[in-house]
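The values are calculated or read from the model by the stated rules, or taken from the named source; none is laboratory data. From a predicted model like this one, the values you see are computed outputs, not experimental measurements. We place every Cβ from the backbone using ideal geometry, glycine too, and count neighbours over all the protein chains shown. Surface accessibility is based on the protein's heavy atoms, side chains included, excluding ligands, DNA and RNA. Shrake-Rupley method; radii C 1.70, N 1.55, O 1.52, S 1.80 Å.
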Amino acid sequence: MGQGLWRVARNQQLQQEYGEQWDAGPGLDGDPQYLGMEMGANPGQAPPSPGVGDLSGGPLPPHPHPRRHHQHCQGADIYQLLRARRGKEQKCFIDLEMLPPELSITILSYLNATDLCLASCVWQDLGHDEYLWQGLCKSTWGHCSIYNRRLPYGISYRRLYMMLDEGSLTFNANHQEGISYFMSKGILVDHPKELAKFIFCTRTLNWKMLRVYLDERRDVLDELVTLHNFSNQFLPNALRDFFRHIHAPEERGEYLETLITKFSHRFCACNPALVREVGLSPDAVYVLCYSLILLSIDLTSPHVKNKMSKREFIRNTRRAAQNISEDFVGHLYDNIYLIGHVAA
């Protein structure tokens, strides 16, 4: 819990939003002892000089901005709450209920299901807040069939979160049992489009088990491919995005050929203007994808001593895809050379 709070407190965006109220000089209200009292100093003790004593007890970096007038913001100031904790009169950690709701949800999103249960015992109001648990469910499992209807009687979003976490752990151990668990609890409907949306919007599923499941359920794979939008994307970047959701197999085979074929048709469907201007077709994209994968292995593998040159890549690729211009193929090489593997 503490790690989640400090992680949010150190976020650069929050520092810009909340940290503008604090000065490196005397207190905000003109009292030279204000800053010293804020940092937990004893009454009568001289205020710490700039660069002494920050939130973690280490040196405080000099403030980059000039002295500012005090500005009011909605909700409690997270820096004020964290500094107040270091005072002798407050030994326990701050109450999440004192923070703005969006900060509380962000902090709790770093916890797993077990820690969330423990946290709900401490912060009882937050532990029974259905909106908070609903946000935690949808931030991790972006789409479930059960979201489209009212929850059954006796099922809260807190309980749903626990079931989703249990189902994900079950899937990561056995994909068939995991999907069966989701369906038995009414979380998912056995429809390819619903299953594809669940996989596309979920970040807790093991990619190895997911690869095996998609190899078995080609109907779900077809729907999953259609969820990708490759409009106005450069071909290597689109291929990286594709393999980020649908992991490529470790070896060549029928499954890899199927993935590249489906990607080629989807890429051309999303970029009709590029098809007309450059002369791309699903067959040409298929050839280019294989060339990009081989080039990625060649340039990134430490076992390959003689790396393929740009001229060699252009010559070899245009033998198989003659309608593609040399400039376009050269840009493909530059992208792999600068950014890296397309299926890493």
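For the range 302-312, indicate whether the set of residues that are open to solvent by less than 40 Å² (accessible area, probe 1.4 Å) and among the β-branched types (Val, Ile, Thr) is non-empty. No, there is no match, as no residue in the range 302-312 is open to solvent by less than 40 Å² (accessible area, probe 1.4 Å) and among the β-branched types (Val, Ile, Thr). Within the range 243-283, being more than 27 Å from Asn206 (Cα to Cα), modelled with pLDDT of 90 or more and buried (at least 20 other Cβ atoms within 10 Å of the Cβ) holds for one residue alone: Asn271. When the range 123-146 is limited to residues that are assigned to a loop (DSSP other than H, G, I, E, B) and open to solvent by 10 Å² or more (accessible area, probe 1.4 Å), the one that is modelled with the lowest pLDDT turns out to be Trp123.
Inspection of the range 297-316 finds a residue satisfying the criterion of being touching a Lys or Arg at 6+ places or on another chain (Cβ under 7 Å) and on the phi < 0 side of the Ramachandran plot.
Only residues that are within 19 Å of Leu280 (Cβ to Cβ), of a type in the set (Gly, Ala, Ser) and at pLDDT 90 or above were counted in the range 292-330, giving 1.
Can you tell me which of Ser168, Ser231 is among the hydroxyl-bearing types (Ser, Thr, Tyr), loosely packed, with under 15 Cβ neighbours inside 10 Å and either in contact with a Cys (Cβ under 9 Å, 6 or more places away or on another chain) or not in a loop (DSSP other than H, G, I, E, B) (or both)? Answer to the selection: Ser231.
Return the residues of the range 219-228 that are open to solvent by 30 Å² or more (accessible area, probe 1.4 Å), out of contact with any Pro (no Cβ under 9 Å at 6 or more places or on another chain) and not aliphatic (A, V, I, L, M); say none if nothing qualifies. Result: Thr226, single match. In the set (1) part of a helix (DSSP H, G or I); (2) of a type in the set (Lys, Arg); (3) open to solvent by 40 Å² or more (accessible area, probe 1.4 Å), Arg240 fails one condition alone, (3).
One residue alone among Ile293, Ile260, Ile297 is farther than 16 Å from Ala321 by Cβ and assigned to a helix (DSSP H, G or I), and that residue is Ile297.
Among the residues that make up the range 265-279, is at least one of them among the polar types (S, T, N, Q) and outside any helix (DSSP H, G or I)? Scanning the range 265-279 turns up at least one residue that is among the polar types (S, T, N, Q) and outside any helix (DSSP H, G or I). Selection of the range 323-333 for residues being open to solvent by 30 Å² or more (accessible area, probe 1.4 Å) and more than 16 Å from Ala238 (Cβ to Cβ) yields Asn323, Ser325, Glu326, Asp327.
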